[in-house]
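These notes are about the structure you will find just below.
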Amino acid sequence: MSDPRSQSIFTRGAVDLSALRDRAAAASRTPAQPAQPANGSAGGAEGAAPGTPPAPTLPGTAVTVIDVTEATFQAEIVERSMNQLVVIDFWAEWCGPCKQLSPVLEKLAAEGQGAWVLAKIDVDANPRLAQAFRVQGIPMVYAVLGGQPVDAFSGVVPEAQLRQWLDNLLKASGVEVAEPEDPVLSAADDALMSGDLDAAEAAYKKILNERPADGNAEAGLAQVGLFRRVQGIGDPAAALAAADAAPDDIEAQFSAADLEVVSGNAELAYNRLIALVRRVFGEDRDRVRQHLVGLFAVAGPDDPAVANARRALASALF
């Protein structure tokens, strides 16, 4: 199976949760104990009746896995899903495939540290919940957001596909999802930070040969060039003083701008070279523009200072 969504069951008709809500509302008028989370964290306030929104948890004690029954369905799934993604795992003790899928879901929920909640429903103990969700075979997994099912799949799914499915759902719910680490890029970055510029350059170029649009590799390669130029400057204070004393000396301005970027004053560097663009013409102007664009690459295109400097450069050029 290439995508868990390919086995979506929503083509068989919408899931109607109104009957479950009605029964949960009726149950909330009689004393009942809320279900306890399977991972030992409290799923709601102590003594709270079903239908009461789950109480917020303290940092480090985020709920990740809970056991849900018909009595706690409203609070633990419908109301909880108003604030975070809830993934329902329909399972049974006798189900062999469930014993393959459930541990993976539980591991991913623990890794999520409360970004989403895994709600486990035993179909034997809660047949009406299984019927309401039209569960025809298990394991069956539903994603619930805003009180409504938004996606589902059945059967055992490889962990890598589960991760992608969850990432897409979390992004849709507004949760920022960390991109997985790229070991090749990390190795290149490590070489750069250790000062092995030759190894870093070779690694970044290899990445760009395979992925020409990789912005991180482009920025890394630009940093290699910057560090090489700065190493040849000598006394930074003297270089900056020389640039201030000769504002039209292009090479002096390049050295000063490089030093400013390395020292964390990139905006000063950008302004320095934009001012120089306004004072020079022809080939000199193009040289300054290219050097400035190279410094933009060090920061990357998403840096707001780069965006502002690009606008200023455009104004200076035209």
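Looking at segment 120-188, the GluC sites (Glu not before Pro) that sit in a DSSP loop and have at most 12 other Cβ atoms within 10 Å of their own Cβ are 176, 181. Surface composition of segment 173-318: carbon and sulfur atoms hold 53% of the protein heavy-atom accessible area at a 1.4 Å probe. Counting only protein heavy atoms and a probe of 1.4 Å, the accessible surface of segment 105-154 is 43% carbon and sulfur. Charge tally around residue 187: other residues with Cβ under 11 Å, Lys/Arg +1 each, Asp/Glu -1 each, net -4.
A Förster radius of 25 Å combined with the Cβ-Cβ distance from residue 279 to residue 307 puts the calculated FRET efficiency at roughly 0.60. Note that segment 67-198, at 10 °C in a medium of 1.306 mPa s, gets a Stokes-Einstein diffusion coefficient of 98 µm²/s from its Kirkwood radius over C-alpha pairs.
Under 37 °C and 0.692 mPa s, how fast does segment 207-318 diffuse according to Stokes-Einstein, given a Kirkwood radius computed over C-alpha pairs? Answer in µm²/s, whole number. So the translational diffusion coefficient is about 229 µm²/s. So what is Rg over Rh here for segment 167-257, counting just Cα atoms and using Kirkwood for Rh? Answer for segment 167-257: 1.18.
Close amide-amide hydrogen proximity is noted between residue 145 and 150, each under 5 Å apart and 5 or more residues distant or on a separate chain (H modeled in the peptide plane; Pro and chain starts excluded). FRET efficiency for the residue 198 to residue 242 pair, using the beta carbon distance and R₀ = 22 Å, is estimated at 0.15. Applying 1/(1 + (r/R0)^6) with r as the Cβ-Cβ distance of residue 94 and residue 184 and R0 = 45 angstrom yields a FRET efficiency of 0.50.
What segment 123-271 shows is 52 Å² of accessible area per residue, with the surface traced by a 1.4 Å probe over protein heavy atoms. Sparse packing (at most 10 other Cβ atoms within 10 Å of the Cβ) combined with a DSSP loop state is found for the following chymotrypsin sites (Phe, Trp or Tyr not before Pro) in segment 214-286: 281.
Show which lysines lie in cross-link reach of residue 99 when reach means a straight Cα distance below 24 angstrom and same-chain residues fewer than eight apart are skipped. List returned: 107, 120.
The values are calculated or read from the model by the stated rules, or taken from the named source; none is laboratory data. In this text, all values refer to a predicted model and were calculated from it rather than measured experimentally. For neighbour counting, all protein chains shown are included, and Cβ atoms are generated from backbone atoms with ideal geometry for every residue, glycine included. Ligands, DNA and RNA are excluded from the accessible area calculation, which covers all protein heavy atoms including side chains. Shrake-Rupley method; radii C 1.70, N 1.55, O 1.52, S 1.80 Å.
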